[in-house]
1. Out of all the residues in the stretch 16-41, which are under 18 Å from Glu2 (Cα atoms) and either of a type in the set (Ser, Thr, Tyr) or surrounded by fewer than 10 Cβ atoms within 10 Å (Cβ to Cβ) (or both)?
2. Would you call Asn8 under 13 Å from Met74 (Cβ atoms) and free of Cβ contacts under 8 Å to residues at least 12 places away in the same chain?
3. For residues that are among the hydroxyl-bearing types (Ser, Thr, Tyr) and crowded, with 17+ Cβ neighbours inside 10 Å, tally how many sit in the stretch 42-80.
Amino acid sequence: MELLFARNELNEKPKKVQLDKIKEDLKKDGQKIFYFDRDNSHKDMMALVDALEADGYNVYFREVKYGLADDEYMYEVHSL
């Protein structure tokens, strides 16, 4: 599964990341907060949550609004 990390600037392209890389980071650190771009589908984000929970992690998922427009949000995934 390929996901997009959140952009640092509004006009730049989001960076791609594989699910395996996310799992490696979690194994190394134990817990981590990831921010994903709004261009990811909600279905893909739920698949990420399910995959991490299947590996025994507690996962907290939410949408973070950073502006007033409907498309000004990102996804936050906190894995423990």
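A short reminder: the numbers here are calculations on the coordinates, not readings from a lab. On a predicted model such as this, the values are computed, not experimentally measured, just so you know. Neighbour counts run over all protein chains shown; Cβ positions are idealised from the backbone, glycine included.
1. Result: Asp20, Tyr35, Ser41.
2. Criteria met by Asn8.
3. Number satisfying all stated conditions: 3.
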